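No lab work stands behind these numbers, since they all come straight from the coordinates. Note that the structure is a prediction, hence the values are computed from the model and not measured. Counting neighbours? That spans all protein chains shown, and the Cβs are built from the backbone with ideal geometry, glycine included.
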Amino acid sequence: MATLFEVLLPCTFLRASAAAEAALDLIDELEDQLSVYRDHSEVSRLNARAPYERVPVEERLFDLFERAAQLTRDTQGAFDIATGALIKAWGFFKRQGRVPSVAERAQAMSRTGMRHVVLEREDRTVRYLRPGLEINLGGIGKGYALDRAAELLRSEWKIRHCLLHGGTSSVVALGTPGGHQRGWPVTLKHPWDETRPLGTVWLGDRALGTSAATYQHFDYNGRKLGHLLDPRTGWPAEGTAQVTVLAPSAAEADALSTALFVLGPNAARDYCRTHPEIAAVVLPPGPDATLVTFNLELDLFTLPLPAEEPAGL
């Protein structure tokens, strides 16, 4: 997943080291299952076989595919895991961004979209209707791994208070830390100015995901084109600088931060209006843009103050 995962546990928990190692080992196992950068992974093998036959997949992975398909429907296609061909056409698979030709983009778009993926719940099989279509879980995989690790810590280690994150852009919180009843304080970074924190979100039994084109982008005719692609148009999404989503699960938070980044601030507001369990912090583009929040309780978000010293990420 090309990022650093960390587990924060109370120092009073005697088996903290062993519990953290178990959680991180599980994340390693999931990386080996989900990564499209490993030829032997289950997802890579699925991409190779599914255009030609129905392929059975592991139960939890099938559940993840179904969740992703539902999120695609809920966001009107703004989030889609069946975008591997499009990611490769734009060069982001190898982190070498480029503008594809009209023909390349059209070919990639014909091989993009969950509408071309058949999920059979009865026998947990997957079939692709288009050769060349590929699933890429980059927009939801980190969150899913964090959810699974948090589940492990809660069920097998009986841990009720901890924080897990992947690369600081995906976070899941269990309970609240001692002395902070509002939750775990997580500082939101500005997408291009690390000296300007956007504020602090307080997480308790909730997850957070952030999407921005901070690291993977390139300049084209005066435009900054990033790796967050709009599956509906085949072009990098524009019109948003950064989106942070709070959701019941890290998988949802990751996927929806991508979707709302693609949809833009107005559509993000409309989505949150009809999904009260989802909150969002949206930064529009431009140096003087004003931060906007949706469904976020006032006591769970604080703007940066000189005297404030949050123990954030």
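Applying a length cut-off of 15 Å (Cα extent along the axis) and a mean Kyte-Doolittle floor of 1.0 to the DSSP H helices of the chain leaves 250-263. By the gyration tensor of its Cα atoms, with a ≥ b ≥ c the square roots of the eigenvalues, what is the shape of the range 242-307: rounded for a/c under 1.5, prolate for a/b over b/c, or oblate? Oblate.
Descending by average beta-carbon neighbour count within 10 Å, the peptides 116-127, 202-213, 260-271 line up as 202-213, 260-271, 116-127, the highest first. A simple charge model with +1 on the Cβ of Lys and Arg, -1 on the Cβ of Asp and Glu and nothing else charged puts the dipole of the range 164-302 at about 80 debye relative to its Cα centre. The amide H of HIS227, built 1.01 Å from its N in the peptide plane, has GLN216 as neighbours under 5 Å, considering only residues 5 or more places off or on other chains.
Summarising the label geometry, the points placed 7 Å from Cα in the beta-carbon direction at LEU129 and ASP205 lie 4.1 nm from one another. Inter-label distance, ARG54 to LEU4: 4.6 nm, where each label sits 7 Å from its Cα along the C-beta direction.
Under the shape rule built on the C-alpha gyration tensor, where the axes satisfy a ≥ b ≥ c, the range 56-100 is oblate, since a/c reaches at least 1.5 while a/b does not exceed b/c.
Roughly how many debye, to the nearest 20, is the charge dipole of the range 16-120 about its Cα centre, given +1 on each Lys and Arg Cβ, -1 on each Asp and Glu Cβ, and no other charges?
Dipole about the Cα centre, nearest 20: 860 debye.
Since only ALA23, GLY175, GLY226 are under comparison, the one whose Cα sits farthest along the positive direction of the charge dipole of the chain, derived from C-beta charges on Lys, Arg, Asp and Glu, is GLY226.
If only the Cβ of Lys and Arg carry +1 and only the Cβ of Asp and Glu carry -1, the dipole of the chain around its Cα centre is close to 760 debye. Placing pseudo-labels 7 Å out from each Cα toward the beta carbon at GLN96 and THR233 gives an inter-label distance of 2.7 nm.
Where does each of 18-25, 279-286 land if you order them by average Cβ count within 10 Å, highest first?
The packing order, highest mean first, is 279-286, 18-25.
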